[in-house]
Each structure stands twice: as structure tokens, then as C-alpha cells.
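Colleague: A single structure is presented below for examination.
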Amino acid sequence: MLGYAGRVLHVNLDTGKTRIERLSEDYAKKYIGGIGLGMRLWLDNTQAGVDPLSPENTLVLTTGPISGTMFPTAGNGHAFVAKSPETFGIGEAVAHGTFGAEMKRAGYDAVILHGKSEKPVYLWIDDDSVQLLDAAHLMGKSPSETEEAIKEELGDYYIRVASIGLAGEKLSRIACIINEKTRAAGRTGLGAVMGSKNLKAIAVRGTRDIVPAKPDEFMDMVKEFHERMKGPATQKYRTLGTPENVLVHNALHCMPTRNYNNAHFEEADKVSGEVLNEKFVAKIIGCSSCAMRCEHEVVVPEGPYKGTMTRMEYETLWALGPYCGIGRLDTVIKGMELCNYYGMDAISAGVVAGFAMDCYENGLLSRQDFDGLEAQFGSSEALLLILEKMGKREGIGDILTEGVRIAGQKIGKGAEKLAQHIKGLEVTGYDLRCLKTAALGFAVSFRGADHNRHGAYAFDVKGKVDRLKAEKGRGKMVRDLEDVYALIDSFIVCKFSRGTYYKELEDMAKLYNLVTGIEMSAEELKRSGERINTIGRLINIREGFSRKDDTLPWKVMNMPIPDEGPVKGAFVSQEELDLLLDDYYESRGWNVEGVPTVEKLNALGMEDLIGIVEAKKEA
Amino acid sequence: MVKIHERKFVSADPDKCVGCQICEYACSWTKEKAFNPIKSRIRVVRVNQLANMAVTCRLCEEPACVAACPRDALTQSEETGAIMIDADKCNGCGWCIEACDYGAIMLHPENKTVYVCDLCKEQGEPQCVKWCPEEALTLVTSDVLAQKARIGAVKKLFQEAKATK
């Protein structure tokens, strides 16, 4: 069982005691690593119904079987899993950089954090030595500052750090966990879970050798993938990067604008990937072992935010830009820097800001809430003020930083309808009213509104289906992609490299075998992908979710696209959603309530979890 | 001894280096049959997201590391300029590590003797250069680096001249 470290580290934050558990080959093969293994370990170690911000919600950190090897993009990922304070179902988020590789070299496939420390601490993993160190002096620092301070005080500049900012400390439900300044385990609010444990950071140094099971064949495969990464499959990421989507989505009228009031942004050409690259991108860098590089570093060259430096991607650009009606890239970049500074998921933060502006325009929030500012769509000052207030949890920020669902409930008077989320997680940059395959993928995603659980938007955006039509067959399309995406996040390879796996599962099975030595066929791997999606679903069922939670944001179902153009009038009706859900559940072998059948669980070798669906039947 | 400008060493172009650490993996794999950056003869430094550069031995003239070794364990190859380490003589005292201005010499975590880039003598060419996906690494003489710098400076001058016309 090479590739795997074979060890799971348990850390009790109440007592500071640690213990090592062996990772079984059964779990390795069934759940792979990353989010798959993480969800299984979370389930095994956490009672049903826990408050996400209570000590009883364990926080699981995992690497993948390929982490620490030279395989391009696969060597560097890590994942966090816990019950999400946003969705109250399963939360997971993946990040890349160098942290995951270091964790593997320290000798761990997973770290399970139990309980809550009495005082603020950070976890210092130095190979076999594991300690909780005082973090009182780090409180209030940004993740970037925290990382620098820890390296300095431990006296080793190759230590890797994942930490939370002020938002996580203050239990903001949109808080993320950031490593290496710009890489975030962003979604589902896991930074708040870390904060609730009084855990400021995880610092790691690993010095073990990583050796693949079949070295010669492995190196041949690395060589082959280095070549593939120079080709067309990764070209977008190496050139304009994901911000290329701005003009693509805008032309298709599928870019949610001004909190879903529009699907098209008239100022898109000012915030396009083209302008970003021409005026702001200073350098494109890569994660450990990556042979393509995608990370666009931007610097504001002039104006009020001169000198601001951050990483920029489509989703965060969209959320802080068009979604708030903002057509200024310098503002967007400043906003992104603030999100990284306070440690907030910039997608959710932007969507919350758009929601707040919508509330203001509808008279649900007033100038007083924004220190006397006019907080209408398009106001740079308002955006930055909202982000500051959320990061510090001050004034209206105290409510907004709870995420749009809870903020909508607290503001009331119809604000709930302005809160665009699924299962409590804020939407991302795809207008689901005119992307109906994506709409299904978003509705059934176990972590809530997200494009990264399925990538089903590709069928719609690339014109492979009629994107305005809800029809049978979409269920299987979403299902198949979900299985691949679950594997990508469990291996953990980078989603931007998915195009280089020409034979998809066959290539991935080969990689798994060459690294671990464990026999694995494409069919078995497919079943693992299905199993990982099933366990996400099972956890949500255990936490009380049902078919009614597989739904879409209010505006997607009630406010047709108003913009003149190719998709005017488009929305998703309840009938269409029901048709899509029925088709999807059927393709998965689940009943009409979206609950996996006992036969299905048996077929997937998940007999030990049948109790969850039995309990649902009795309820 | 060869003249300094004829000596080739591995140089990283900071404009091209993206900090991916593939050179570290290629090196530790070649030398130690393991993926482990602390066993690599070339190390990547990321000062911030914009400043990335891999650093390895520069085959100095009159190398400080050789002079610093109290046990004469380090010598410089007359043929290539590479620093050669006699592992039998080295006791891991670390004088050479301290003497090197570039941090290019490191102590092996298991053998407890020092190691440094040998230009992949056995493989015939430095494997980090071969693997670098950004073509940021080159096996080059300082003379050629100077030529490139001159050409770059002149090109920039002429572009600026053109722009101000």
C-alpha cells in the first residue's frame, strides 16, 4: 500500500493527546483519499445531529494517495471535511499548493481533530512529533501573517501552514482555511469549524521519502503527462486563465449579475479576463509538482488600491464584480485581497455583498447599516465596506457573515427570497435559469450550490445539449460527471488537469495502481466515485436532508431572465426540477425521495451504512 | 583549470521560474530514488508569489566551501568546476554550508555528510534542466548569461527609443 502513508492521526484538542490509527486497505480502496476518505472518517468519528460549531463536530484533514509524488498536479492537494456551518450537511473543500505534499511526507493520510482547545493554539506536526502550541499572539492575524510568524518562531522557512483569519476566529460561516497566502479550502465555511475549536493554524514539516510502487512505469507516465500538459487540454489555464469565462458566459447570458437580477452584465468588457491579463497579471505561478501553472497573480498598478497583490480566478472575480454590479477590476482585486486577509470564501463573500446591495435597493437595509453609504449595486465603496464589516463581524457584517440564508432569515421581510443559495451555500458564477443540466447538478450537490461537484455546466455552455430544456437523460450525464469529480477530489488531482486524462478513469486507475501497487480497474474506480457521492448523500440524510433540499435558489425558479437576448424569459419550473430529480435519482438507483436503496448500498459494498437509510424509513 | 567563463552551471531565470518544485523532485529522484525535496541538490525559493527562483551550486571560482572545509573533503573538479565531496572525509561539521553564500550545499538527513549539485555527471546532463516545464533552467556559462543580459538590455533600450519617437 505505497502512496498512502498508512496512518491516521487523531488529535484531541481538549487534552492535547494524540494517537495513531492504521489506515485499512479496505478504506483506501473504497474511499481513495481526499474528500472520499475524509467523509468516511468524519462519519465514523462524529455523532449525528451535532452543531457544526460545537466541539463534537470533528474536523478532518486528508491528503490523497498521489500526494507527495512528482505526478503533475496530483502531488500537492489536501482536503478538509466537517459538518458545514452553512449547510448543516456535509462540508468539504480542497486546496492545492505545497501543504498536502508536506503532510504526506510527515507520514499522514489524515488528521482528525476532536474537541476544542481551552485556549487559542496551533497544531505543529514535525514528522512524528505532534504538539499544540500557544497561538494567543497570532490571534487577529491574517493567514498570510500567521504563516510568516509561525515560520519565524519555529525557525524553519520550509514549514507549510494552513490557517484561518479573523473571520474564522469570529465563527463567520463563510470563513475558509488558507495555505500559502493565496490557496484556499474555500467553500462551506470550514474556517469557522476550525475557529470553533480554538485552532488558529496547522503547521507541518515532513521529511519522509515518497516512493511509488512501480517507479519506472510511474516515471514514464509522468513524462507522458508533462507532454499532455503542454497541449490544448490545459491551454486556457496557462493563458487567460479561468477569467476567460467572463466574456464567454456574458455572451451566452449565463452570468448572474446584480444578485441574479440579470444574466448579462453590460460592463463585462471592463472586468474581462482579457483586461485582467493585459493590465493586472504580473506573473503566473504553479503549485508543487504542477507542469502547467495556472495561478494568475495580479497587481494593481495605479489608483486608490495601487500595489494590491492577490491571486485572481473567474469565480471570485465574478462574485466580487458582476454579481455586485461592479465594473472595476481594481475594486475586485482589492476585494479579493480583503477576503484573503480576513480568511473568507471570496465566492460566498461576493454573493453575500450582492445580496446586501439587493436588500438595500429594496429598502430592507438602510444607509445607516452601511455607515451612511449608498449601498446600491455598482458601489465600490459599499463592497469594500461590507467585506470589512463581515471580516471583523462589525455592525451589519455580524449578520451578513452568517451567509445569505441565515442573513435573509434574520433581516426578514422577504429578504429570504433575495438570498441565492442551495442548502445554505451561496451560488457560483453560472446562471442556472438558462443552464438546465448545471441546474440539476447544483440542486443535487451534497455540499450545496457549487459547480465543482459535477462540472455539468460544460454540456450547456459548450452547446452539447439544449441548455434551456429539462429532459430525461440529464440525470445520467450529471451522475457520470459527479463520479469523476468526486474521484478528482479524492485522488487529489487538480480539476484544471482533468482534460489531460485522455482516457479519464482508465488513466486514473493506472495512476492509482502505479503509485499504490493496489490493483484497480476503471470499473472499480467508477464504483469508488459512485460510493463517494453516495456517502455524501448518506451523511446528509443522517443529518436530516431529503428531496426537498435538492432545490434551486428562489430567483432561479421565480424570476425569469429579463435581459433581451437569447435566453429571455428562461427559468426553472418546479415541474422541470422534479423531472430532472426523478431522472437523476433513478440513474443513481435511489428512491423517489433521493434515498439510496439497500440493494444499491449492498452493491457498492456499503452494507455497514444501511442503518442510515433504514432509520430514514422508520422516521 | 578551465577558465571561469567556460564552466557551465545550472541557472534559473526568475522571469520564467514559477516555483513548481519539479526540479527538486527530478533531482531527488535521480540521486536518491525518492521524492523528497530535502534530498534535492536544487531548492526552490518563493520570496512572495511574484518572486520565485530555484537555486543550486554556481561553481564559484575559488569556492568558499572548499576553502572552509577543515578536513579537505571538498575539492573542485578541474575539468568541470563541480564541487566534489569525499564522503569518507566529511564528518558533517557544516563549515562549507555556512561558507556558501547561496545555500547550495546541504546536509544529508540520513548519511550526515554534505551533498551538492554534481551536474548529474552519471546521467550526462542535469536532470532538473531536462524536466523543467517552463524552460527556466539552463546549463550555461556566466559568459553566456552576460551575453543574454546585454542583448536584453539593448533590446529594451531600442523598444523604449521606438516608443518615445
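Colleague: Please list, ordered by first then second residue, the pairs with beta carbon atoms under 8 Å, 6 or more apart or interchain, first in region A:210-231 and at negative phi and outside the structural domain of A:Ile66 (by TED's automatic domain parsing), second open to solvent by 40 Å² or more (accessible area, probe 1.4 Å) and assigned to a helix (DSSP H, G or I).
Modeller: A:Met221/A:Lys510
Colleague: Further question on the same structure: Please work out which residue is nearest to the other protein chains (Cβ to nearest Cβ), limiting yourself to region B:56-68 and to residues that are surrounded by 22 or more Cβ atoms within 10 Å (Cβ to Cβ) and either of a type in the set (Ser, Thr, Tyr) or closer than 17 Å to B:Leu107 by Cβ (or both).
Modeller: So the residue we want is B:Thr56.
Colleague: Does A:Met344 meet the test of being within 14 Å of another protein chain (Cβ to nearest Cβ), surrounded by 22 or more Cβ atoms within 10 Å (Cβ to Cβ) and either in contact with a strand residue (DSSP E or B) (Cβ under 9 Å, 6 or more places away or on another chain) or touching a residue at least 60 places away in the same chain (Cβ under 8 Å) (or both)?
Modeller: Considered against the rule, which asks whether it is within 14 Å of another protein chain (Cβ to nearest Cβ), surrounded by 22 or more Cβ atoms within 10 Å (Cβ to Cβ) and either in contact with a strand residue (DSSP E or B) (Cβ under 9 Å, 6 or more places away or on another chain) or touching a residue at least 60 places away in the same chain (Cβ under 8 Å) (or both), A:Met344 comes out as no.
Colleague: Okay, next question. Please work out which one of (1) at the interface with another protein chain (Cβ under 9 Å from one of its Cβ atoms); (2) in contact (Cβ under 8 Å) with a residue 40 or more places away in the chain is the condition B:Asp13 fails and give its number.
Modeller: Failed condition: (1).
Colleague: Given A:Arg293, A:Arg367, which one is at pLDDT below 95, open to solvent by 20 Å² or more (accessible area, probe 1.4 Å) and farther than 25 Å from A:Ser142 by Cα?
Modeller: Details: A:Arg367 fails: at pLDDT below 95.
None of the other options fit; the residue is A:Arg293.
Colleague: Can you name every residue in region B:103-116 that is within 24 Å of B:Lys8 (Cα to Cα) and surrounded by fewer than 16 Cβ atoms within 10 Å (Cβ to Cβ)?
Modeller: Across region B:103-116, the qualifying residue is only B:Gly103.
Colleague: I've got another one for you. Please state which one of B:Pro109, B:Pro37, B:Pro133 is within 30 Å of A:Ser67 (Cα to Cα) and touching a His at 6+ places or on another chain (Cβ under 7 Å).
Modeller: On the way: B:Pro109 fails: touching a His at 6+ places or on another chain (Cβ under 7 Å); B:Pro37 fails: touching a His at 6+ places or on another chain (Cβ under 7 Å).
Of B:Pro109, B:Pro37, B:Pro133, the one residue that is within 30 Å of A:Ser67 (Cα to Cα) and touching a His at 6+ places or on another chain (Cβ under 7 Å) is B:Pro133.
Colleague: Filter region A:41-82 down to the residues that are open to solvent by 10 Å² or more (accessible area, probe 1.4 Å) and not in a loop (DSSP other than H, G, I, E, B) and list them by number.
Modeller: Selection gives A:Leu43, A:Asp44, A:Asn45.
Colleague: With part of a helix (DSSP H, G or I) and within 14 Å of chain B (Cβ to nearest Cβ) as the only criterion, which of A:Lys223, A:Lys181 stands out?
Modeller: A:Lys223
Colleague: Right, something else. Looking at region A:10-26, which of its residues are surrounded by 20 or more Cβ atoms within 10 Å (Cβ to Cβ) and not in a loop (DSSP other than H, G, I, E, B)?
Modeller: Correct list: A:Val11 only.
Colleague: Still on this structure, please answer the following. Which of (1) surrounded by fewer than 18 Cβ atoms within 10 Å (Cβ to Cβ); (2) assigned to a strand (DSSP E or B); (3) within 14 Å of another protein chain (Cβ to nearest Cβ); (4) modelled with pLDDT of 95 or more is the odd one out, the single condition B:Met53 does not satisfy?
Modeller: (1)
Colleague: Then there's this: Looking only at region A:501-527, which residues are modelled with pLDDT under 95 and open to solvent by 90 Å² or more (accessible area, probe 1.4 Å)?
Modeller: Scanning region A:501-527 gives A:Tyr502, A:Lys503.
Colleague: Looking at A:Leu123, is it among the aliphatic types (A, V, I, L, M), under 13 Å from A:Gly34 (Cβ atoms) and open to solvent by less than 10 Å² (accessible area, probe 1.4 Å)?
Modeller: Details: among the aliphatic types (A, V, I, L, M): yes; under 13 Å from A:Gly34 (Cβ atoms): no; open to solvent by less than 10 Å² (accessible area, probe 1.4 Å): yes.
So A:Leu123 does not fit the description; no.
Colleague: Can you tell me which residue in region A:153-178 is farthest from A:Asp398 (Cα to Cα), limited to those that are of a type in the set (D, E, K, R) and in a loop (DSSP other than H, G, I, E, B)?
Modeller: The residue in question is A:Asp156.
Every residue, every condition in (1) within 14 Å of another protein chain (Cβ to nearest Cβ); (2) surrounded by 14 or more Cβ atoms within 10 Å (Cβ to Cβ); (3) under 16 Å from the mean Cα position of the chain (by Cα), yes or no:
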{"residue": "B:Cys17", "(1), (2), (3)": "yes, yes, yes"}
{"residue": "B:Ala26", "(1), (2), (3)": "yes, yes, yes"}
{"residue": "B:Lys31", "(1), (2), (3)": "yes, yes, yes"}
{"residue": "B:Phe35", "(1), (2), (3)": "yes, yes, no"}
{"residue": "B:Ile38", "(1), (2), (3)": "yes, yes, yes"}
{"residue": "B:Thr75", "(1), (2), (3)": "no, yes, no"}
{"residue": "B:Ala82", "(1), (2), (3)": "no, yes, yes"}
{"residue": "B:Trp95", "(1), (2), (3)": "no, yes, no"}
{"residue": "B:Asp101", "(1), (2), (3)": "no, no, yes"}
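Colleague: Further, regarding this structure: So A:Lys462 ticks every box in (1) touching a helix residue (DSSP H, G or I) at 6+ places or on another chain (Cβ under 9 Å); (2) of a type in the set (D, E, K, R); (3) open to solvent by 10 Å² or more (accessible area, probe 1.4 Å) but one. Which box is left unticked?
Modeller: In the conditions (1) touching a helix residue (DSSP H, G or I) at 6+ places or on another chain (Cβ under 9 Å); (2) of a type in the set (D, E, K, R); (3) open to solvent by 10 Å² or more (accessible area, probe 1.4 Å), A:Lys462 misses (1) alone.
The values are calculated or read from the model by the stated rules, or taken from the named source; none is laboratory data. Since the structure is predicted, the reported quantities are computational estimates derived from the model, not experimental observations. No Cβ is skipped: glycine too gets one built from the backbone with ideal geometry, and neighbour counts run over all protein chains shown. The accessibility values were calculated without ligands, DNA or RNA, using every heavy atom of the protein model including side chains. Shrake-Rupley method; radii C 1.70, N 1.55, O 1.52, S 1.80 Å.
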